[in-house]
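First up is the structure itself, then whatever we jot down about it.
The values are calculated or read from the model by the stated rules, or taken from the named source; none is laboratory data. Owing to the predicted nature of the structure, the values given are computational and were not obtained by experimental measurement. Quick reminder, even Gly has a Cβ in these numbers, built from the backbone with ideal geometry, and neighbours come from all protein chains shown. Heads up: the accessible areas ignore ligands, DNA and RNA and are worked out on the full protein's heavy atoms, side chains in. Shrake-Rupley method; radii C 1.70, N 1.55, O 1.52, S 1.80 Å.
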Amino acid sequence: MTAITVKQEANVKSQQGENFSAVHAGPMAQLDSFQLEHPRMKRTITGKLFVRDLLKLSGMQFSMNKLPAGRGAPFLHQHKANEEAYIFVKGKGQMQVDGEIIDVEEGSIVRIATPGKRCIRNNSSDDLYFICVQAKEGSLGDDTFGDGIALEDPVNWPA
Ligand code: ZN
(Lines give C-alpha, C1' and ligand atoms only; values in the text may rest on other atoms or scores of the structure.)
Protein backbone atom coordinates (compact mmCIF):
# COMPACT_ATOMS: atom_id res chain seq x y z
CA MET A 1 0.00 0.00 0.00
CA THR A 2 1.44 3.36 -0.99
CA ALA A 3 0.85 6.30 1.26
CA ILE A 4 0.13 9.52 -0.57
CA THR A 5 2.29 12.24 0.83
CA VAL A 6 0.82 15.67 1.19
CA LYS A 7 3.43 18.27 0.40
CA GLN A 8 2.82 21.42 2.30
CA GLU A 9 4.87 24.55 2.69
CA ALA A 10 4.22 25.14 6.34
CA ASN A 11 6.10 28.00 7.90
CA VAL A 12 5.32 27.30 11.53
CA LYS A 13 7.35 27.67 14.67
CA SER A 14 8.14 24.33 16.23
CA GLN A 15 9.74 22.90 19.33
CA GLN A 16 11.02 19.35 19.77
CA GLY A 17 11.98 17.25 22.76
CA GLU A 18 12.81 13.60 23.19
CA ASN A 19 9.16 12.85 23.91
CA PHE A 20 7.27 15.75 22.39
CA SER A 21 6.74 17.88 19.33
CA ALA A 22 5.01 21.25 19.44
CA VAL A 23 4.00 23.56 16.64
CA HIS A 24 2.69 27.09 16.86
CA ALA A 25 0.63 27.58 13.74
CA GLY A 26 -0.61 31.06 14.63
CA PRO A 27 -4.16 32.36 14.93
CA MET A 28 -6.82 30.24 13.22
CA ALA A 29 -8.01 33.40 11.43
CA GLN A 30 -4.71 33.32 9.52
CA LEU A 31 -4.99 29.68 8.45
CA ASP A 32 -5.55 30.83 4.88
CA SER A 33 -1.83 31.59 4.71
CA PHE A 34 -1.41 27.80 4.40
CA GLN A 35 -1.91 26.11 1.06
CA LEU A 36 -1.45 22.60 -0.19
CA GLU A 37 -1.75 20.80 -3.49
CA HIS A 38 -4.27 17.98 -3.54
CA PRO A 39 -2.13 15.14 -4.91
CA ARG A 40 -4.90 13.46 -6.91
CA MET A 41 -7.22 16.30 -7.80
CA LYS A 42 -4.50 18.70 -8.94
CA ARG A 43 -5.98 21.64 -7.17
CA THR A 44 -4.76 24.03 -4.53
CA ILE A 45 -6.49 23.98 -1.17
CA THR A 46 -6.24 27.11 0.94
CA GLY A 47 -6.88 27.33 4.67
CA LYS A 48 -6.04 23.74 5.59
CA LEU A 49 -2.97 22.75 7.63
CA PHE A 50 -2.21 19.04 8.05
CA VAL A 51 -0.04 18.48 11.11
CA ARG A 52 1.00 14.81 10.98
CA ASP A 53 4.50 15.49 9.67
CA LEU A 54 4.99 18.68 11.67
CA LEU A 55 4.14 16.84 14.90
CA LYS A 56 5.52 13.40 13.94
CA LEU A 57 2.10 11.91 14.73
CA SER A 58 2.06 8.13 14.39
CA GLY A 59 -1.49 7.08 15.21
CA MET A 60 -3.61 9.94 13.93
CA GLN A 61 -3.68 12.77 11.45
CA PHE A 62 -5.47 16.02 11.89
CA SER A 63 -5.92 19.24 10.06
CA MET A 64 -6.71 22.75 11.19
CA ASN A 65 -9.22 24.38 8.86
CA LYS A 66 -10.67 27.75 7.98
CA LEU A 67 -13.60 27.64 5.57
CA PRO A 68 -14.64 31.12 4.43
CA ALA A 69 -18.27 32.19 4.19
CA GLY A 70 -20.03 30.72 1.19
CA ARG A 71 -17.35 28.11 0.47
CA GLY A 72 -17.50 24.33 0.57
CA ALA A 73 -15.79 21.19 -0.63
CA PRO A 74 -16.77 20.63 -4.27
CA PHE A 75 -16.96 16.83 -3.93
CA LEU A 76 -18.12 14.01 -1.65
CA HIS A 77 -15.49 11.71 -0.21
CA GLN A 78 -15.14 8.49 1.77
CA HIS A 79 -12.18 6.95 3.56
CA LYS A 80 -10.53 3.57 3.19
CA ALA A 81 -9.38 2.92 6.77
CA ASN A 82 -9.75 6.05 8.87
CA GLU A 83 -12.73 7.35 10.76
CA GLU A 84 -12.96 11.13 11.00
CA ALA A 85 -14.13 13.52 13.68
CA TYR A 86 -14.87 17.11 12.68
CA ILE A 87 -14.61 19.37 15.71
CA PHE A 88 -16.15 22.78 15.11
CA VAL A 89 -14.54 25.57 17.07
CA LYS A 90 -16.11 28.72 15.59
CA GLY A 91 -18.81 29.72 13.12
CA LYS A 92 -21.68 27.82 11.55
CA GLY A 93 -22.13 25.55 8.58
CA GLN A 94 -23.42 22.20 7.42
CA MET A 95 -22.16 18.72 6.84
CA GLN A 96 -23.89 16.04 4.86
CA VAL A 97 -23.32 12.33 5.40
CA ASP A 98 -25.05 9.88 3.05
CA GLY A 99 -27.40 12.70 2.07
CA GLU A 100 -28.40 13.57 5.62
CA ILE A 101 -27.83 17.21 6.59
CA ILE A 102 -26.23 18.07 9.91
CA ASP A 103 -26.22 21.72 10.98
CA VAL A 104 -23.01 22.46 12.84
CA GLU A 105 -21.72 25.31 14.96
CA GLU A 106 -19.12 26.00 17.62
CA GLY A 107 -19.11 22.97 19.92
CA SER A 108 -20.47 20.51 17.35
CA ILE A 109 -18.49 17.33 16.73
CA VAL A 110 -19.36 14.97 13.89
CA ARG A 111 -17.85 11.48 13.68
CA ILE A 112 -18.00 9.74 10.32
CA ALA A 113 -17.34 6.06 9.69
CA THR A 114 -15.19 5.08 6.72
CA PRO A 115 -18.00 4.40 4.19
CA GLY A 116 -19.95 7.60 4.95
CA LYS A 117 -20.19 9.82 1.88
CA ARG A 118 -19.42 13.22 3.31
CA CYS A 119 -19.15 16.87 2.42
CA ILE A 120 -18.92 20.17 4.24
CA ARG A 121 -20.00 23.69 3.41
CA ASN A 122 -20.11 27.06 5.06
CA ASN A 123 -23.54 28.46 4.23
CA SER A 124 -23.21 31.26 6.77
CA SER A 125 -21.87 34.79 6.36
CA ASP A 126 -18.90 34.28 8.73
CA ASP A 127 -15.79 32.11 8.57
CA LEU A 128 -16.12 28.53 9.83
CA TYR A 129 -13.28 26.96 11.80
CA PHE A 130 -12.85 23.28 12.50
CA ILE A 131 -10.32 20.59 13.28
CA CYS A 132 -10.61 17.30 11.44
CA VAL A 133 -9.08 14.28 13.17
CA GLN A 134 -8.42 10.99 11.37
CA ALA A 135 -7.49 7.75 13.11
CA LYS A 136 -7.66 4.14 12.09
CA GLU A 137 -11.20 2.91 12.62
CA GLY A 138 -11.41 0.30 15.38
CA SER A 139 -7.84 0.87 16.60
CA LEU A 140 -8.52 2.54 19.96
CA GLY A 141 -7.92 0.40 23.02
CA ASP A 142 -8.03 1.66 26.55
CA ASP A 143 -8.37 5.43 26.64
CA THR A 144 -7.90 8.40 28.98
CA PHE A 145 -7.98 7.12 32.57
CA GLY A 146 -7.36 3.52 31.64
CA ASP A 147 -4.30 4.34 29.53
CA GLY A 148 -2.82 7.13 31.67
CA ILE A 149 -0.30 6.30 34.39
CA ALA A 150 -0.23 8.63 37.41
CA LEU A 151 3.37 9.28 38.52
CA GLU A 152 4.82 10.00 41.94
CA ASP A 153 7.35 12.50 40.50
CA PRO A 154 6.96 16.01 41.91
CA VAL A 155 5.77 18.68 39.45
CA ASN A 156 8.19 21.59 39.06
CA TRP A 157 7.46 24.79 37.13
CA PRO A 158 9.92 27.63 36.61
CA ALA A 159 9.30 30.48 39.07
ZN1 ZN B 1 -11.70 12.99 4.91
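Using 18 Å as the Cα-Cα cut-off, could you pick out the over-long pairs in LYS56/LYS136; LYS56/LYS90; LYS80/LYS117; LYS13/LYS56; LYS48/LYS90?
LYS56/LYS90
Compute the relative contact order of the stretch 78-159 as a whole-number percentage, counting only Cα pairs closer than 8 Å that sit 6 or more residues apart in sequence. Intermediate values should be presented prior to the final figure.
On the way: 142 pairs, mean separation 29.4, N = 82.
It rounds to 36 percent for the stretch 78-159.
Determine the relative contact order of the chain: mean sequence separation of Cα pairs under 8 Å and six or more apart, normalised by residue count, in whole percent. Can you show the working numbers first?
Details: 312 pairs, mean separation 32.4, N = 159.
Result for the chain is 20 percent.
ARG111 contributes an accessible area of around 130 Å² to the protein surface, as traced by a 1.4 Å probe with all chains present.
Quick one: plug the Kirkwood hydrodynamic radius of the chain (C-alpha pairs) into Stokes-Einstein at 4 °C, 1.567 mPa s, and report D in µm²/s. Intermediate values should be presented prior to the final figure.
Details: Rh = 17.5 Å.
In µm²/s, the coefficient is 74.
Tell me the net charge near LYS80. Cut-off is 14 Å between Cβ atoms, LYS80 excluded, with +1 for each Lys or Arg and -1 for each Asp or Glu. Local charge sum for LYS80: +1. Seen from LEU140, the other residues with C-beta closer than 11 Å to its C-beta sum to a net charge of -4, counting Lys and Arg as +1 and Asp and Glu as -1. Among the GluC sites (Glu not before Pro) in the stretch 63-107, those placed in a DSSP loop whose Cβ has at most 16 other Cβ atoms within 10 Å are GLU106. Annotation for the stretch 116-141 versus the stretch 13-35: alpha-carbon center distance of 20 Å. Can you work out the base-10 log of I(q)/I(0) for the stretch 23-68 at q = 0.24, 0.33 1/Å, using the Debye formula on its C-alpha atoms alone? Reported log10 I(q)/I(0), two decimals: -0.92, -1.17.
Volume per residue, Å³, of the convex hull around the alpha-carbon atoms of the stretch 69-159? Intermediate results must be reported in sequence, preceding the final value.
On the way: hull volume 13.8 nm³, N = 91.
Convex hull volume per residue, Cα atoms: 151 Å³.
Considering only protein heavy atoms, with the full assembly of protein chains and a 1.4 angstrom probe, order PHE130, PHE50, PHE20 by accessible area, largest first. Walk me through the intermediate numbers first.
Details: PHE130 10, PHE50 45, PHE20 100 Å².
Listed by decreasing accessible area, they come as PHE20, PHE50, PHE130.
Normalised by the number of residues in the stretch 12-85, the mean separation of alpha-carbon contacts (under 8 Å, six or more apart) gives a relative contact order of 22 percent. In the chain, the calculated helix contribution to ellipticity at 222 nm averages -500 deg cm²/dmol per residue, counting -39,500 (n - 2.57) for every DSSP H run with n ≥ 4. In a Gaussian network model over the chain where Cα atoms closer than 10 Å are linked, find which of VAL104, VAL89, VAL12 has the largest mean-square fluctuation. Comparing VAL104, VAL89, VAL12 in a Gaussian network model of the chain, the most mobile one is VAL12.
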